[in-house]
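The values are calculated or read from the model by the stated rules, or taken from the named source; none is laboratory data. Predicted model only: the values in this text are computed from it and were never measured. A quick note on method: Cβ atoms are made from the backbone with ideal geometry, for glycine too, and the neighbour counts reach across all protein chains shown. Keep in mind that these areas ignore ligands, DNA and RNA; they rest on the heavy atoms of the full protein, side chains included. Shrake-Rupley method; radii C 1.70, N 1.55, O 1.52, S 1.80 Å.
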Amino acid sequence: MLKGKNIVVGVAGGISAYKVVDVVSRLKKQGANIYVIMTKAATNFVTPLTFREISGHPVVVDMWAEATNWNVEHIALASRADLFLLAPATGNIIGKIANGIADDMLSTTVMATTAPILMVPAMNTNMYLNTIVQQNISKLTQLDYYFMDPDCGKLACGTEGVGRLPEPEAIVEKVIEILKTNHDFTGKKILITAGGTQEAIDPVRYIGNRSSGKMGYALAEVAAHRGAKVTLISGPTHLVSPPGVTIEFVQSASQMQDAVLAHFAESDIVIKAAAVADYRPQSMSEHKIKKTGETLHLILEKNPDILLQLGHLKKHQILVGFAAETQDLLVHAQDKLTRKNLDMIVANDVTIPGAGFNTDTNIAKLLYRDGRIEELPQMSKKRLAEVILDKIHIECRK
Ligand code: C5P
């Protein structure tokens, strides 16, 4: 399962460090190359020798030790690792990483890595539930660090509660889940819209909105990474085009309509993340409107609702819409889901900090045709894109 994968295992100073010996052994049996880095405190619970024998590689603890081949190798691994597993992740190491402290080999290597990082916290219940620890975990989660929830049960300190290291088997399963190269959208054509539209008033002015396009671009990037053939219809944005995606730029809602309709029939999945203007000036002035009167009247006429049209045209397509609201979120989202004949709608209240336009995170609720509602915590738009595609994948199989 993990043949040829390079996994760096960071062991911090908690009593459950002994269980991580079993984790390393299991990962190795799956074919992974394991390189262990321990904190000094961790060596009080398990010796580096144990990890060296189980992993088959020297173990690094001290940053100031004589430079050796293997300790240079470990640093090189920070950039070559496929995954960084931190177990047990103590309150201390979580706090250091969340606050950019790199004062030993483990925290320094974590800072240097670009690999996905899986943290498996294990500590006394009160420590785990401590607000600062929870804030650190939530900060790191938003920065795309993976976390496993600790198990409940009897703890080494004699108390009962949450804080136990999950079973080695479960940790290995999570590692496999993160590392599996997910090409689950291979062969699927996905049409995604992103950004806000601009409705021209005259040659220099337009009516626009605050959409940044970040959510739609994240969806396009993740879908392409997962093997889909992605066409992205984008309003004007400042974002870099995602790799491997065919992108068409439009300005107005009616241009977006034309582009979307041109690709709809051939698409398997359509995700409409764009903030399309509901109204446009009835006519565009040929020349720049001069500052003559005290007031200026614009007559606006309704734009086509592209998604509503797609809902009518839909045959085999999975249709996903977005509902950005400032009040009565669920009522409006539910109404759009039904009226526009969607399979799923992603609803977010844009007045909540961390959930609106132009942020890097979102707080969404997913509503389905059968009435199910899933509430998701605050997460990066990239992670949300992963979750939305996971859910669409399940819908595709129904
Ligand atoms: O009705 P409302 O604009 O709030 O619905 C939002 C959803 O409908 C989004 O998925 C958006 O991309 C889509 N939409 C559209 N055409 C419009 C307005 C919205 O496709 N004219």
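Beyond 39 Å, what percent of the Cα pairs of the chain remain?
Every Cα pair in the chain considered, those over 39 Å come to 32 percent.
Label V72 and S241 with points 7 Å out from Cα along Cα→Cβ: what is the distance between them in nm?
My value for the distance between the label points is 4.2 nm.
How large is Rg/Rh for region 6-180, to two decimals, with Cα atoms and a Kirkwood Rh?
Numbers: Rg = 14.8 Å, Rh = 15.9 Å.
That ratio equals 0.93.
Give me the number: length gained by fully extending K180 to V331, i.e. 0.36 nm times residue separation minus the C-alpha to C-alpha distance, one decimal in nm. If you can, show how the numbers build up before the last one.
On the way: separation 151, 0.36 × 151 = 54.36 nm, distance 3.78 nm.
Contour length minus the Cα-Cα distance gives 50.6 nm.
Remind me, what semi-axes does region 244-309 give for its equivalent ellipsoid, largest first in whole Å, using sqrt of 5 times each Cα gyration tensor eigenvalue?
32, 13, 9
Could you provide, to the nearest whole Å², the per residue accessible area of the chain with probe 1.4 Å? Let's see the in-between values first.
On the way: 19630 Å² over 398 residues.
I get 49 Å² per residue for this part.
Extending each Cα 7 Å along its Cβ direction at Y279 and L308, get the distance between those two points in nm, one decimal.
Taking the two extended label points, one gets 1.5 nm.
Figure the gain on full extension for R369 and Y18 (residue separation times 0.36 nm, minus the Cα-Cα span) and round it to one decimal in nm.
Details: separation 351, 0.36 × 351 = 126.36 nm, distance 4.72 nm.
So the extension gain works out to 121.6 nm.
Of the accessible area of region 241-398, with the probe set at 1.4 angstrom, what percent is carbon plus sulfur?
The computed percentage sits at 51.
On the accessible surface of region 6-180, probed at 1.4 Å, how many percent belong to carbon and sulfur atoms?
53 percent
Under the rule of at least 5 residues apart or a separate chain, name every residue whose amide H is placed under 5 Å from the amide H of L300.
Answer set, sorted by chain and number: Q282.
Give me the one-decimal nm value for the distance between modelled label points at T159 and L129, 7 Å along each residue's Cα-to-Cβ direction.
Simple spin-label model gives 0.8 nm for this pair.
Would you look at the GNM of the chain, springs on alpha carbons closer than 10 Å, and say which of G321, G100, G293 moves the most?
With Cα springs under 10 Å in the chain, the top fluctuation among G321, G100, G293 is at G293.
Which one, H238, P48, M119, is farthest towards the positive end of the dipole of the chain when Lys and Arg carry +1 and Asp and Glu -1 on their Cβ?
H238
At what distance in angstrom do the alpha carbon centres of region 169-201 and region 243-302 lie from each other?
Using only Cα atoms, the two centres lie 26 Å from each other.
Just for region 47-187, what percent of DSSP beta bridges are antiparallel, to the closest 5?
Working: 4 of 10 bridges.
Restricted to region 47-187, the bridges split so that about 40 percent are antiparallel.
If I stretch the segment between A41 and Q251 completely, what's the gain in nm (0.36 nm per residue apart, minus their alpha carbon distance), one decimal? Before the final figure, lay out each step's value.
Details: separation 210, 0.36 × 210 = 75.60 nm, distance 5.82 nm.
This chain segment gains 69.8 nm when fully extended.
Antiparallel versus total DSSP beta bridges in the chain: what percent is that, nearest 5?
Numbers: 18 of 61 bridges.
Just about 30 percent of them are antiparallel.
Where is the GNM fluctuation largest for the chain (alpha-carbon springs, 10 angstrom cutoff): T90, T246, T292?
Among T90, T246, T292, the largest mean-square fluctuation in the Gaussian network model of the chain belongs to T292.
I need the trypsin sites (Lys or Arg not before Pro) found in region 1-95, filtered to DSSP loop residues with at most 14 other beta carbons within 10 Å of theirs.
The qualifying sites are K3, K40.
Determine the calculated [θ] at 222 nm for the chain from helices alone, applying -39500 (n - 2.57) to every DSSP H run no shorter than 4 residues and normalising by the residue count; nearest 500 deg cm²/dmol. The partial results should precede the final answer.
Numbers: 13 runs with 138 residues, N = 398.
It comes out at -10500 deg cm²/dmol, rounded to the nearest 500.
Loop-only trypsin sites (Lys or Arg not before Pro) in region 254-349, please: DSSP not H, G, I, E or B, and at most 14 other Cβ atoms within 10 Å. Mind showing how you got there, number by number?
Values: sites: K272, K288, K290, K291, K302, K314, K315, K336, R339, K340; in loops: K288, K290, K291, K314, K315, K340.
Answer in residue order: K288, K290, K291, K315.
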